[in-house]
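Let me begin by presenting the structure, written as structure tokens, before commenting on it.
Derivation of every value follows stated rules applied to the coordinates shown; laboratory data play no part. Being a predicted model, the structure only gives us computed values, none of them experimental. Glycine gets a Cβ as well: all are built from the backbone with ideal geometry, and neighbour counts include every protein chain shown.
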Amino acid sequence: MLLPILDANALLVEGCYTVKHGLHQDKITGLAGTGRSNPYIAAHVPGEIDRHLPRMADHYEVPERQVRRLLARQILPSLRVVDLEIRDHLSWQTQRILRVDREMPLRHRGDPDDAPTMALAEFLGPCVIVSQDSVFFRFGFGVIEWVPVAQGVLRMAGLEATAADALVLIDLVFELFGAGLRSLIGLAANNPVPATVIVAGLLWWCHRNGYLTRDNWRQRLARVGEAAKPLLELTEAAMTEHQTLSDSLVVVEPPAYPTSEQLAARHLARCGRSLTPGQLRDALARRGHIVSAAQLKRDMQAHRAFVRAPGDVWTIGRPVQGFDDL
């Protein structure tokens, strides 16, 4: 699951565009509404939005108060703010963004203001940076036109959600079938004589009506294949579209050897609910990462990105605070 990491510029542009064109739905809340592409921002972004909003509203010729109300009541509540530690800015990709030597050519020059966004993308990676800032484009971490990026992530999330729902349905069908089969086997084991008589009678009836012949089975399997063909074609088309969208996105990959706190953050950002350290330990173990619950709890207590709720359940990030519509 790719997570979108947004910066202040993209949020301001989306807010102004939505107000200017009188739209009821913006792309940011659309992403959050999928439940599979939860958007995240670094801690400095709300302050940048507040600082640059008057200039952006004037540039787009829209009322500042309307944009502020839209941001405060609709867009920003759909985001979560992740507070990072200083050590999170020391990875090699973020260090490239931190370089500001004016003697260097522009294509090699970073921007420290964007380092927290880059660090967050690495911390929760794999992620897609949704931004118009040229520094991400210069270093190959993003594209200038962010609208197609947001639309691509939104479409991918929809395809993944449909696939996940289908898998849940298939799992439920097999679970019900298995439960019914186990009940029948148990019933037959407890009543062997009646069960033998019933099975023998069914086999005799099927044989007499021609249901056990090879031609009959071949015809029925052919019908099943014909009925399943449209579904298989839809599945193949969806997989092809998903792969095409994935190939078109510039993805910030996580470090090859993530720390336990990075593993915890990535899972919590994608699972859609709060977890106890024990639940998080089990979830990571299913993915081949063996970390004790005690170690995970120590890591989460020592990092500002994690938020603890009553019941010793943890999540990643916090709601946006300190931004209102006046």
R0 = 41 Å: FRET efficiency of Ala256 with Val313, Cβ-based, nearest 0.05? 0.85
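Based on Cβ point charges of +1 for Lys and Arg and -1 for Asp and Glu, what charge dipole magnitude is obtained for segment 3-152 about its Cα centre, in debye rounded to the nearest 20?
Working: 17 positive and 19 negative charges, 50 e Å.
Dipole size: approximately 240 debye.
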Report the per residue volume, in Å³, of the convex hull enclosing the C-alpha atoms of segment 3-152. 113 Å³
Among 264-274, 304-314, 286-296, 5-15, what's the highest-first ranking by average C-beta atoms within 10 angstrom per residue? 5-15, 264-274, 304-314, 286-296
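Once you have a ≥ b ≥ c as the square roots of the Cα gyration tensor eigenvalues for segment 260-316, tell me rounded if a/c is under 1.5, and otherwise prolate or oblate according to whether a/b is larger than b/c. It would help to have the intermediate numbers written out before the result.
Working: a/c = 1.41, a/b = 1.27, b/c = 1.11.
The shape class here is rounded.
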Interchain or long-range residues, amide H under 5 Å from Gly110's placed H: Arg99, Val100, Asp101
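When Lys and Arg each count +1 and Asp and Glu each count -1, what net charge do the other residues less than 11 Å away from Leu124, Cβ to Cβ, add up to? Before the final figure, lay out the partial values.
Details: positive: Arg80, Arg266, Arg270; negative: Asp88, Glu122.
Result for the neighbourhood of Leu124: +1.
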